Amino acid sequence: MDKKVLRNLSYGVYVVTSKDDDRNVGCIANSIMQVTSNPMTVAVSINHDNYTNSCIKKSEKLAISILKEDSDAKIIGEFGFKTSRDTDKFENISYSMVDDLAVIDDSCGYLICEVIDKMETDIHTVFLAKITNADGYTTNNPMTYKYYHEKLKGTSPKNAPTYQEESKAEDVSEKKVQRWRCKVCGYIYEGEELPSDFICPICGQPASEFERMD
Ligand code: FE
């Protein structure tokens with residue numbers, strides 16, 4: 001079986017937010033789709049290990065901010081590679097409150113949703129959520145997972161439904177170009193040498209948090 005074929009399915013890059021009592025929580029999701037138009041309903045897949053999952057179950061509310069190609073990659077670093085359990089992911093991110101849920105300003109729109117059903121898989125919960133509000137439309141290109149992977153050289157966090165273990169063979173470059181991988185978010189830097197002052201464009205870690213891939 002060639003799992004790479006799955007990369008040809010289309011995914012976006014979204015920030016899913018919810019409430020932990022009065023606290024805003026959130027994480028990155030790439031598996032979201034509209035499944036019916038009346039009532040307008042989306043399916044949202046969130047890993048059991050994401051703290052946001054338990055908060056959605058408790059509050060039965062979630063918001064989806066649709067990231068765009070030029071959204072600050074720092075948003076993915078904050079929401080995709082940290083946990084809301086003990087971190088305020090919103091501290092350095094510009095957001096607005098809509099119907100008591102936080103939505104990301106640097107996005108191409110948001111959906112406010114109410115959970116109407118859910119299904120458990122071995123590692124993810126698939127929430128069925130009715131859209132109760134939506135706004136912020138822009139003509140900017142929404143970020144697709146393919147764009148994130150190819151242009152931003154981003155990777156899936158291990159919690160993502162689309163995560164695949166990268167094979168060693170795939171990692172090894174046949175050319176003289178070397179690769180270093182960010183130990184926090186998996187971003188891959190390619191070049192002859194990793195500059196000592198390099199900062200990960202996704203999660204902001206310094207060069208010391210990169211490891212050589214061989
Ligand atoms: Fe990183």
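The values are calculated or read from the model by the stated rules, or taken from the named source; none is laboratory data. On a predicted model such as this, the values are computed, not experimentally measured, just so you know. All Cβ positions, even for glycine, are placed from backbone atoms using ideal geometry, and neighbour counts span all protein chains on display. Heads up: the accessible areas ignore ligands, DNA and RNA and are worked out on the full protein's heavy atoms, side chains in. Shrake-Rupley method; radii C 1.70, N 1.55, O 1.52, S 1.80 Å.
Close amide H contacts of ASN133 (hydrogens built in the peptide plane, cut-off under 5 Å, sequence separation of 5 or more or a different chain): ILE112. Only aspartates and glutamates eight or more places from LYS146 in sequence, or on another chain, were considered; those with a Cα closer than 15 Å are GLU69, ASP70. Classify the range 1-47 as rounded, prolate or oblate from the Cα gyration tensor: take a ≥ b ≥ c as the square roots of its eigenvalues, call it rounded if a/c is under 1.5, otherwise prolate when a/b beats b/c and oblate if not. It comes out oblate by the Cα gyration axes. Rounded to the nearest Hz, the phi-derived 3J(HN,Hα) couplings of the range 98-105 under the Karplus curve 6.51 cos²θ - 1.76 cosθ + 1.60 (θ = phi - 60°) are 10, 6, 6, 10, 7, 10, 7, 5, where x marks glycine and proline.
Rolling a 1.4 Å probe over the protein heavy atoms of the chain, with every protein chain left in place, gives an accessible area that is 48 percent carbon and sulfur. Computed from point charges on the beta carbon alone (+1 for Lys and Arg, -1 for Asp and Glu), the dipole magnitude for the range 11-147 about its Cα centre is near 280 Debye. Amide H to amide H distances under 5 Å link SER31 with SER45, where only residues 5 or more positions off or on other chains count and H is placed in the peptide plane.
Along the axis of the charge dipole computed for the chain (Cβ charges of +1 for Lys and Arg, -1 for Asp and Glu, origin at the Cα centre), the listed residues LEU62, GLY12, THR162 are led at the positive end by THR162.
Using a probe of 1.4 Å on the protein chains alone, the accessible area found for LYS61 is around 70 Å².
Computed with a 1.4 Å probe over protein heavy atoms only, the accessible surface of the range 11-147 comes to 47 Å² per residue. Entry for the chain at q = 0.12 Å⁻¹: log10 I(q)/I(0) = -0.63, Debye formula applied to identical alpha-carbon scatterers, no solvent contribution. Our coupling estimate for the range 116-130, obtained by passing each phi through the Karplus curve with A = 6.51, B = -1.76, C = 1.60 and θ = phi - 60°, is 10, 6, 8, 9, 8, 10, 4, 10, 10, 9, 9, 8, 9, 9, 8 Hz, Gly and Pro reported as x. Amide H contacts under 5 Å for GLN178: GLY191, GLU192, restricted to partners 5 or more places along the chain or on a different chain, H placed in the peptide plane at 1.01 Å from N.
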